[in-house]
Amino acid sequence: MRQIGKGSDQLLPYFVPKEHLARIEKPLKEYRKELFHKECFHTLKPFPDSRELLQTMRAAGLRVAVASSSNKEDLGRLKDIARISDLVEEETSSGDADKSKPEPDIFQAALSRLLVKPEQAVALGDTRWDV
């Protein structure tokens, strides 16, 4: 019954009866986005030393992609907040995946853009549920 880490495409059907989902899904997502932009975006802060971590990775010859379930417009702002825009070689956002996390779609899209195989990659998460 663990729901943390799931995208709305997987979370809403768990809580909303199927017969009501089509009616409320779009307005609910729009409200969530509006609320997040109004109440939360300005409070976001990067993890300590996150920029330095990516700089070290790049200096070691590693390639960096961001595989985010956020939308493309928010992803740019999130990279700016984290001060990593110049360190990211490739990125994927919610529009690049059929299913959201924890499904692997967004990671597969990032791997495809980097032209690397899964066994050649490491994923770093930004929450304790990503492990």
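The values are calculated or read from the model by the stated rules, or taken from the named source; none is laboratory data. This structure is a prediction, so every number in the text was calculated from the model and none was measured. Glycine also receives a Cβ, built like all others from the backbone with ideal geometry; neighbour counts cover every protein chain displayed. The area values use the complete protein model at the heavy-atom level, side chains included, leaving out ligands, DNA and RNA. Shrake-Rupley method; radii C 1.70, N 1.55, O 1.52, S 1.80 Å.
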Give the calculated FRET efficiency between residue 39 and residue 88 to the nearest 0.05, with a Förster radius of 35 Å applied to their Cβ-Cβ distance. 0.85
Carbon and sulfur %, accessible surface of the stretch 1-91 computed with the full protein complex present, 1.4 Å: 58
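To one decimal place, what Kirkwood hydrodynamic radius in Å is obtained for the chain from all pairs of distinct Cα atoms? Write down the numbers at each step before the final one.
Numbers: mean 1/r = 0.0614 Å⁻¹.
About 16.3 Å, per the Kirkwood formula over Cα pairs.
Rounded to the nearest 0.05, what FRET efficiency is calculated for residue 122 and residue 10 with R0 set to 35 Å and r the Cβ-Cβ distance? Numbers along the way, then the final one.
Values: r = 24 Å, r/R0 = 0.70.
Working from the Cβ atoms, E equals 0.90.
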Straight-line reach from residue 29: which lysines fall under 26 Å, measuring Cα to Cα and dropping same-chain residues less than 8 apart? 6, 18, 38, 45, 72, 79, 99, 101
With just the Cα atoms defining each centre, how far is the stretch 1-67 from the stretch 73-131? Give it in Å. 11
Value of [θ]222 nm, deg cm²/dmol, for the chain, DSSP H segments ≥ 4, -39500 (n - 2.57) each, nearest 500: -13500 deg cm²/dmol
Go through the stretch 55-131 and name the GluC sites (Glu not before Pro) that are in a DSSP coil and have 15 or fewer other Cβ atoms within 10 Å of their Cβ. 89
For the chain, with +1 on Lys and Arg beta carbons and -1 on Asp and Glu, the positive-most of 8, 71, 55 along the dipole: 8
Taking trypsin sites (Lys or Arg not before Pro) as exposed when DSSP calls them loop (any state but H, G, I, E, B) and at most 15 other Cβ atoms lie within 10 Å, what is the longest stretch of the chain free of them, the sites themselves excluded? 3-62
Per residue, how much accessible area does the chain have with a 1.4 Å probe, in Å²? 74
Express the relative contact order of the chain as a whole percentage, based on alpha carbon pairs under 8 Å and six or more residues apart in sequence. 25
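Calculate the dipole size of the stretch 1-122 relative to its Cα centre from +1 charges on Lys and Arg beta carbons and -1 charges on Asp and Glu beta carbons; express the result in debye to the nearest 20. All intermediate terms of the calculation are to be shown ahead of the outcome.
On the way: 21 positive and 20 negative charges, 49 e Å.
With Lys and Arg at +1 and Asp and Glu at -1, about 240 debye.
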Cβ-placed point charges (K, R +1; D, E -1), dipole of the stretch 79-131 about Cα centre in debye, nearest 20: 140
